[in-house]
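Have a look at the structure below, then the notes.
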Amino acid sequence: MHSIDHLSPLREVIVKYGLQAKKTLGQNFLFDLNLTQKISQAAGITSEDTVIEIGPGPGGLTRALLKTNALKVIAVEIDARAIAALEEIKQVENQRLSIIQGDALTINLADLVSAPRKIVANLPYNIATPLLIMWLKQADAFKSMTLMFQKEVAERITAQPGSKSYGRLSVMCQAQATCKRVFDLHPSAFIPPPKITSTVVHFIPHTPVVESNLYQHLEIVTKFAFGQRRKMLRSSLKGLNVDINDLLDKAQINGSQRAEELSLQNFLTLAKIYQEFKVDNNL
Ligand code: SAM
């Protein structure tokens, strides 16, 4: 048996440290060892990898991650009550576990430890998308990300052109990584149960990722294109303040199409030509 298996059951940990779930911190805890193991397995952790876990809470997933042969696990948690609970795990895994109290939205994860790094997290729903966008901007810092989202957000991340869920998030994610939905979790898997079904998504960043200046232009182009997704592109892209007909011609895109019809490659081409227009015109 692993030393982790001798720790108190998570339900007792919750009581001992007064870790009653706070809605404001997006706390929905996982106690089911099969599920925490399944998430950990989806991350495909090897003995070279340092795993960064965001929001370990009472530490169910943290325990599963420590049962892999990960080189190290760094757990970043904002809630002081959880930090106290995690100290118990540290007593049996002192060498491999580091606990950092802080706000994941303000921490540059690449500064914490050298590569290869993998992020694994059951994310707080209220900040899951902003965290994802932040990490995608530096996607080459991570070997993979295995993250849990509301099912509806996971569908948007992996959606293909022409589908209802296809939008800005699909393009921004798929430009940087291969994104695969791994499995769903029913609300009853969590304490307390959320109102929605959750989905684990596995991201493997492309090598190379999109260069950062081009990625910024992709952000702008998709903002306008999907901002008014029912409109034709020649109208929705007006806010870019360049010659739209020229832009669309050079990108070989028909201006009467709508954003949801464009492929990832179409958007990357649009962003590249938009970037060139801005350089040419000193905009
Ligand atoms: N990993 C645990 C599990 O699976 O049972 C808890 C997951 S719970 C959905 C989200 C966790 O993120 C909570 O422990 C919460 O305190 C933490 N959290 C919320 N906001 C955070 C932030 N800004 N930075 C770091 N952790 C945060």
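Kindly check whether there is at least one residue in the stretch 43-66 that is surrounded by fewer than 19 Cβ atoms within 10 Å (Cβ to Cβ), more than 11 Å from the ligand (Cβ to nearest atom) and within 20 Å of residue 189 (Cβ to Cβ). No, because not a single residue in the stretch 43-66 is surrounded by fewer than 19 Cβ atoms within 10 Å (Cβ to Cβ), more than 11 Å from the ligand (Cβ to nearest atom) and within 20 Å of residue 189 (Cβ to Cβ).
Sub-6 Å Cβ pairs linking a first residue in the stretch 179-190 that is under 30 Å from residue 209 (Cβ atoms) to a second residue that is within 12 Å of the ligand (Cβ to nearest atom), at least 6 apart or interchain, are 182/200; 183/200; 185/198, ordered by first then second residue.
Counting residues in the stretch 203-218 that are free of Cβ contacts under 8 Å to residues at least 40 places away in the same chain and under 22 Å from residue 158 (Cβ atoms) gives zero.
Does residue 105 satisfy being surrounded by fewer than 23 Cβ atoms within 10 Å (Cβ to Cβ), near the ligand (Cβ under 10 Å from one of its atoms) and of a type outside the set (Ser, Thr, Tyr)? Here the answer is yes, as residue 105 does meet what is asked. Kindly evaluate residue 89 against the criterion of being hydrophobic (A, V, I, L, M, F, W, C), without any contact (Cβ under 8 Å) to a residue 40 or more places away in the chain and not in a loop (DSSP other than H, G, I, E, B). Considered against the rule, which asks whether it is hydrophobic (A, V, I, L, M, F, W, C), without any contact (Cβ under 8 Å) to a residue 40 or more places away in the chain and not in a loop (DSSP other than H, G, I, E, B), residue 89 comes out as no. Name, by its number, the condition in (1) closer than 15 Å to residue 52 by Cα; (2) in contact (Cβ under 8 Å) with a residue 60 or more places away in the chain that does not hold for residue 127. Failed condition: (1). Given the criteria under 19 Å from the mean Cα position of the chain (by Cα), within 16 Å of the ligand (Cβ to nearest atom), touching a residue at least 60 places away in the same chain (Cβ under 8 Å) and in the same structural domain as residue 198 (by TED's automatic domain parsing), does residue 84 qualify? No; evaluated as a whole, the condition is false for this residue. Quick one: in the stretch 67-78, which of the residues that are near the ligand (Cβ under 10 Å from one of its atoms) and surrounded by 22 or more Cβ atoms within 10 Å (Cβ to Cβ) is nearest to residue 120 (Cα to Cα)? Here the answer is 75.
Apart from one condition, residue 45 fits all of (1) closer than 20 Å to residue 125 by Cα; (2) touching a Ser or Thr at 6+ places or on another chain (Cβ under 6 Å); the exception is (1). As for the stretch 112-126, it holds at least one residue that is away from the ligand (no atom under 16 Å from the Cβ), more than 17 Å from the chain's Cα centre (by Cα), surrounded by fewer than 20 Cβ atoms within 10 Å (Cβ to Cβ) and over 18 Å from residue 75 (Cβ atoms).
The values are calculated or read from the model by the stated rules, or taken from the named source; none is laboratory data. This is a predicted model, so every value here is computed, not measured. Glycine also receives a Cβ, built like all others from the backbone with ideal geometry; neighbour counts cover every protein chain displayed.
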